[in-house]
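*Asks:* Quick one: the structure is below, and I'll ask about it shortly.
The values are calculated or read from the model by the stated rules, or taken from the named source; none is laboratory data. If you're wondering where the values come from, they're calculated on a predicted model, not measured in any experiment. Quick reminder, even Gly has a Cβ in these numbers, built from the backbone with ideal geometry, and neighbours come from all protein chains shown. These accessible areas exclude ligands, DNA and RNA; they are computed on the full protein's heavy atoms, side chains included. Shrake-Rupley method; radii C 1.70, N 1.55, O 1.52, S 1.80 Å.
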Amino acid sequence: TTTQKKPHAPTAPDRVKEKPVMDKEPLDKSEVDRERRKIEETKDERIISLLMPFELSSINYKTAGFNQLAKAEIAIDFYQGFKMALDSIAKHSDTNFKLQVYDSKDDPAYVGMLAAKAGVKNSDLIVGPVFPNGMKAFTPYSIAMEKVVVSPLAATGPEAFNNPYLITLNNSIEQHAARAVGFIKQLRPKKVVLIRSGQQEESKYAVPFKKEAAVVLKNTPVAEIGIKAVGLENVFKSLSPVGLNVVVLPSTDRNFLLSITNELEKLSRNFEISVVGHPSWENFEFLNSEKMQLLRTHITSSYQVDFQDYRVNNFIENYRQKFHLEPGEYAFKGFDAGYFLGKLLSENGKDFALKLDN
């Protein structure tokens, strides 16, 4: 048998394969880096100074306890999230960021020394100090320099600092109280009972709560009990026998809260009760979760992570890859603060603060 070969395609000149002609030789790595640097150099640069309580000079990491490390952990997590945000903006914009990081040492006296540094003075934006005492100490320097300064985490309202250049990101306790009143209205209670332990600190929540309730809960009776030693009879007399009783507890005192929640648990067998607590309860491990559920407890919060949001999951994955850690609360807050402020700086330049109202 014989096999017939398939005919070859014609080898006319127009079918002859030629080596493709390239516009130019491929760039080697050093040339790519130079090209990238040229692009980076044409971008606008914004300078941000971050003043956080790293306390690097005072902590012995071999012997430090949890409380000593907690503040430093806040600073590190916030910084890492903040830097990730600036990197993300720079990658997709015509802006570069110079992030200058300073250890405030959680020392109000030391922040004055930081304010004298040329790097801080030349900043377009200053973020920190974190805690109220440090922010108060930094206020006169911010005003003198006419520099925008951000209070990123403290719940202290801006009016406490009397600084026209201050931006506060966290909700104040007054805002928490106002939101709690609005939520209580939705519950349509028969009666609202505010129970106070007598501690001065709880006035920061109780006073604005009562002021807002007087306007919003006009048609709902609001009673106040001021007792240091909680007695079952005192609370019993203040509750409505029919309908929902919303009990508001502005206290953060451990002993008082354990005592009053025990009493309310007993009363909940005969009265319809729902508790509204101080936002700080979010971090109180001594409050029994089953008891809180039984009392239908509600608190307001400035912080919520929506794990169904693809952007949240992208952030978590990127954070893991970069730091080999799970992002904590302050990493999320650092990213949000960095992205919000960085975008304002990128899009509006040094006059970004004038655009805040928009």
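*Asks:* Within the range 207-215, can one find any residue that is within 16 Å of F183 (Cα to Cα) and at pLDDT below 95?
*Replies:* Taking the range 207-215 first, the residues within 16 Å of F183 (Cα to Cα) are 208-215.
Narrowing the set further to residues that are at pLDDT below 95 leaves none.
No, the range 207-215 contains no residue that is within 16 Å of F183 (Cα to Cα) and at pLDDT below 95.
*Asks:* Still on this structure, I have one more. Of the residues in the range 101-129, how many are modelled with pLDDT of 95 or more, within 24 Å of the chain's Cα centre (by Cα) and charged (D, E, K, R)?
*Replies:* So the count comes out to 2.
*Asks:* Yes or no: the range 284-291 includes at least one residue that is among the aromatic types (F, W, Y), at negative phi and surrounded by 16 or more Cβ atoms within 10 Å (Cβ to Cβ). If you could, list the steps in order and put the result at the bottom.
*Replies:* Quick first cut of the range 284-291, residues among the aromatic types (F, W, Y) only: 284, 286.
When the remaining residues are screened for being at negative phi, the result is 284, 286.
Now restrict to residues that are surrounded by 16 or more Cβ atoms within 10 Å (Cβ to Cβ): none.
Checked the range 284-291: no residue is among the aromatic types (F, W, Y), at negative phi and surrounded by 16 or more Cβ atoms within 10 Å (Cβ to Cβ).
*Asks:* Checking E224 against (1) part of a helix (DSSP H, G or I); (2) touching a Leu at 6+ places or on another chain (Cβ under 7 Å), which single condition isn't satisfied?
*Replies:* Among (1) part of a helix (DSSP H, G or I); (2) touching a Leu at 6+ places or on another chain (Cβ under 7 Å), E224 violates only (1).
*Asks:* Here's another thing I want to ask about it. Looking at K43, K98, K83, which is the one that is modelled with pLDDT under 95 and open to solvent by 10 Å² or more (accessible area, probe 1.4 Å)?
*Replies:* Numbers: K98 fails: modelled with pLDDT under 95; K83 fails: modelled with pLDDT under 95.
Going through K43, K98, K83 in turn, just one is modelled with pLDDT under 95 and open to solvent by 10 Å² or more (accessible area, probe 1.4 Å): K43.
*Asks:* Residue under question is K211, and the condition is that it be over 20 Å from I299 (Cβ atoms) and either free of Cβ contacts under 8 Å to residues at least 24 places away in the same chain or open to solvent by less than 20 Å² (accessible area, probe 1.4 Å) (or both); does it hold?
*Replies:* No.
*Asks:* Would you be able to tell me the number of residues in the range 55-75 that are open to solvent by 70 Å² or more (accessible area, probe 1.4 Å), modelled with pLDDT of 80 or more and under 16 Å from the mean Cα position of the chain (by Cα)?
*Replies:* 1
*Asks:* Suppose we filter A72, A154, A137 for residues that are of a type in the set (A, V, I, L, M) and assigned to a loop (DSSP other than H, G, I, E, B); which single one remains? Full working, then the answer.
*Replies:* Values: A72 fails: assigned to a loop (DSSP other than H, G, I, E, B); A137 fails: assigned to a loop (DSSP other than H, G, I, E, B).
After ruling out the rest, the residue left standing is A154.
*Asks:* I'm trying to understand the selection: among the residues of the range 228-248, which are at pLDDT 95 or above and touching a Ser or Thr at 6+ places or on another chain (Cβ under 8 Å)?
*Replies:* Result: L244, N245, V246, V247.
*Asks:* When you scan the range 134-147, how many residues do you find that are within 21 Å of G334 (Cβ to Cβ), modelled with pLDDT of 95 or more and open to solvent by 20 Å² or more (accessible area, probe 1.4 Å)?
*Replies:* 0
*Asks:* Then there's this: Only one of I225, I273 is farther than 23 Å from S302 by Cβ, open to solvent by less than 20 Å² (accessible area, probe 1.4 Å) and modelled with pLDDT of 95 or more. Can you tell me which?
*Replies:* On the way: I225 fails: modelled with pLDDT of 95 or more.
Criteria check complete, one pass: I273.
*Asks:* While we're looking at this one, here's another question. Does the range 157-195 hold any residues that are open to solvent by 40 Å² or more (accessible area, probe 1.4 Å), over 30 Å from F352 (Cα atoms) and not aromatic (F, W, Y), and which are they?
*Replies:* K185, Q186, L187, R188, K190, K191
*Asks:* Within the range 256-358, considering only helices (runs of 4 or more DSSP H) that don't extend past its boundaries, which have at least 1 residues that are under 20 Å from the mean Cα position of the chain (by Cα)?
*Replies:* Numbers: elements: 289-294, 310-323, 329-348.
So the answer is 310-323, 329-348.
*Asks:* With the requirement that a residue be in a strand (DSSP E or B) and charged (D, E, K, R), what does the range 97-131 give you?
*Replies:* Initially, the range 97-131 is screened for residues in a strand (DSSP E or B), giving 97-103, 125-127.
Scanning the range 97-131 gives K98, D103.
*Asks:* Could you list, ordered by first residue, the pairs with Cβ atoms under 9 Å in which the first is in the range 163-187 and within 30 Å of E146 (Cα to Cα) and the second is among the acidic types (D, E), at least 6 apart or interchain?
*Replies:* Pairs found: Y165/E146; L169/D336; S172/E159; E174/E212.
*Asks:* Tally the residues that are in contact with a strand residue (DSSP E or B) (Cβ under 6 Å, 6 or more places away or on another chain) and more than 14 Å from I126 (Cβ to Cβ), restricting the search to the range 47-78. Please lay out each step first, then the result.
*Replies:* Our first condition is that a residue be in contact with a strand residue (DSSP E or B) (Cβ under 6 Å, 6 or more places away or on another chain); within the range 47-78, this holds for 47-51, 54, 56, 75.
Pick out the ones that are also more than 14 Å from I126 (Cβ to Cβ) and you get 54, 56, 75.
So the answer is 3.
*Asks:* Would a scan of the range 241-262 turn up a residue that is surrounded by fewer than 16 Cβ atoms within 10 Å (Cβ to Cβ) and closer than 14 Å to A180 by Cα?
*Replies:* The answer is no, given that none of the residues of the range 241-262 is surrounded by fewer than 16 Cβ atoms within 10 Å (Cβ to Cβ) and closer than 14 Å to A180 by Cα.
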